[in-house]
């Protein structure tokens, strides 16, 4: 919907309405559901947080509704067969693109073969999942 008093703008609107251009929209072709890629196991670990789920982003699963230093707070849950280092890399790249000052990585698996070269950084805060914490304790 638009409001304009310019006769040129009104004429342009009439032309566009009379000569509609059909585009090849991937969203229209594939449907909205094809764009949803949230991982139910990952989201289950975020229950209790006030978040917005992020779809189609390899580095972020959710963003807190509450900002930190006026910037978004991205969250990622490590995947089952993903090293901590790989998860950190993906989250770091995505968080930097969002201008985040802090981001959280929920680690679910810290076996030796999945840890790799995990350089800590000032942006990412690592939190162990409840299951990982209990299993490490026992």
#### Entry: Answer residue from the stretch 30-39, given it is surrounded by 11 or more Cβ atoms within 10 Å (Cβ to Cβ) and in a loop (DSSP other than H, G, I, E, B) and is modelled with the highest pLDDT among those
39
## Note on the structure
Inside the stretch 99-121, the number of residues satisfying the requirement of being surrounded by 14 or more Cβ atoms within 10 Å (Cβ to Cβ) and either part of a strand (DSSP E or B) or modelled with pLDDT of 95 or more (or both) is 8
### Query
Looking at the stretch 40-54, which of the residues that are exposed (fewer than 13 other Cβ atoms within 10 Å of the Cβ) and in a loop (DSSP other than H, G, I, E, B) is modelled with the highest pLDDT?
50
### Enumeration of residues in the stretch 81-91 that are surrounded by 20 or more Cβ atoms within 10 Å (Cβ to Cβ), without any contact (Cβ under 8 Å) to a residue 40 or more places away in the chain and over 15 Å from residue 56 (Cα atoms)
87, 88
### Message
Just the residues that are surrounded by 22 or more Cβ atoms within 10 Å (Cβ to Cβ) and either part of a loop (DSSP other than H, G, I, E, B) or out of contact with any strand residue (DSSP E or B) (no Cβ under 9 Å at 6 or more places or on another chain) (or both), please, taken from the stretch 63-80.
### Response
78
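The values are calculated or read from the model by the stated rules, or taken from the named source; none is laboratory data. Model, not experiment: these values are computed from the prediction. For neighbour counting, all protein chains shown are included, and Cβ atoms are generated from backbone atoms with ideal geometry for every residue, glycine included.
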